[in-house]
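Everything on this sheet refers to the single structure shown next.
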Amino acid sequence: MQVTVRVKPGSRRGPFVEADDDGALVVHVRERAVDGAANAGLVKALAEHFGVAPSRVSVVRGHTSRTKRVEVDL
């Protein structure tokens with residue numbers, strides 16, 4: 001399953017996942033967008049949200065963007 005995700009790196013509220021008005025997921029992560037730390041936090045947060053192992057979550061598009069396309073292998 002592929003989902004569109006908007007990431008909020010460096011969030012004090014994170015880590016958690018919420019749904020946006022347009023159907024996209026908004027993921028708040030504490031990690032800053034430095035050296036891929038925010039992507040690692042994103043993978044960990046989504047894995048916990050969907051109840052799968054982090055190895056089953058991967059970023060398909062938008063590695064350096066705040067809007068990403070993520071694949072979750074359920």
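Where a number appears in this text, it was derived from the coordinates with a stated rule and is not lab data. Predicted model only: the values in this text are computed from it and were never measured. Because the Cβ atoms are built from the backbone with ideal geometry, glycine has one as well, and the counts that use them run over all protein chains shown.
Which of the residues spanning segment 7-40 are within 15 Å of V72 (Cα to Cα) and touching a strand residue (DSSP E or B) at 6+ places or on another chain (Cβ under 9 Å)? Can you show your working first?
Step one: of segment 7-40, the residues within 15 Å of V72 (Cα to Cα) are 17, 24-25, 27, 39-40.
Of everything in segment 7-40, those that are within 15 Å of V72 (Cα to Cα) and touching a strand residue (DSSP E or B) at 6+ places or on another chain (Cβ under 9 Å) turn out to be V17, A24, L25, V27, N39.
Of these, S55, S65, S11, which one is part of a loop (DSSP other than H, G, I, E, B) and either free of Cβ contacts under 8 Å to residues at least 12 places away in the same chain or within 10 Å of the chain's Cα centre (by Cα) (or both)? Even if it seems obvious, please write down each step before you answer.
Details: S55 fails: part of a loop (DSSP other than H, G, I, E, B); S11 fails: either free of Cβ contacts under 8 Å to residues at least 12 places away in the same chain or within 10 Å of the chain's Cα centre (by Cα) (or both).
Result: S65 is the single residue among S55, S65, S11 that is part of a loop (DSSP other than H, G, I, E, B) and either free of Cβ contacts under 8 Å to residues at least 12 places away in the same chain or within 10 Å of the chain's Cα centre (by Cα) (or both).
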Which one of V27, V60, V34 is assigned to a strand (DSSP E or B) and either without any contact (Cβ under 8 Å) to a residue 24 or more places away in the chain or touching a helix residue (DSSP H, G or I) at 6+ places or on another chain (Cβ under 8 Å) (or both)? V27
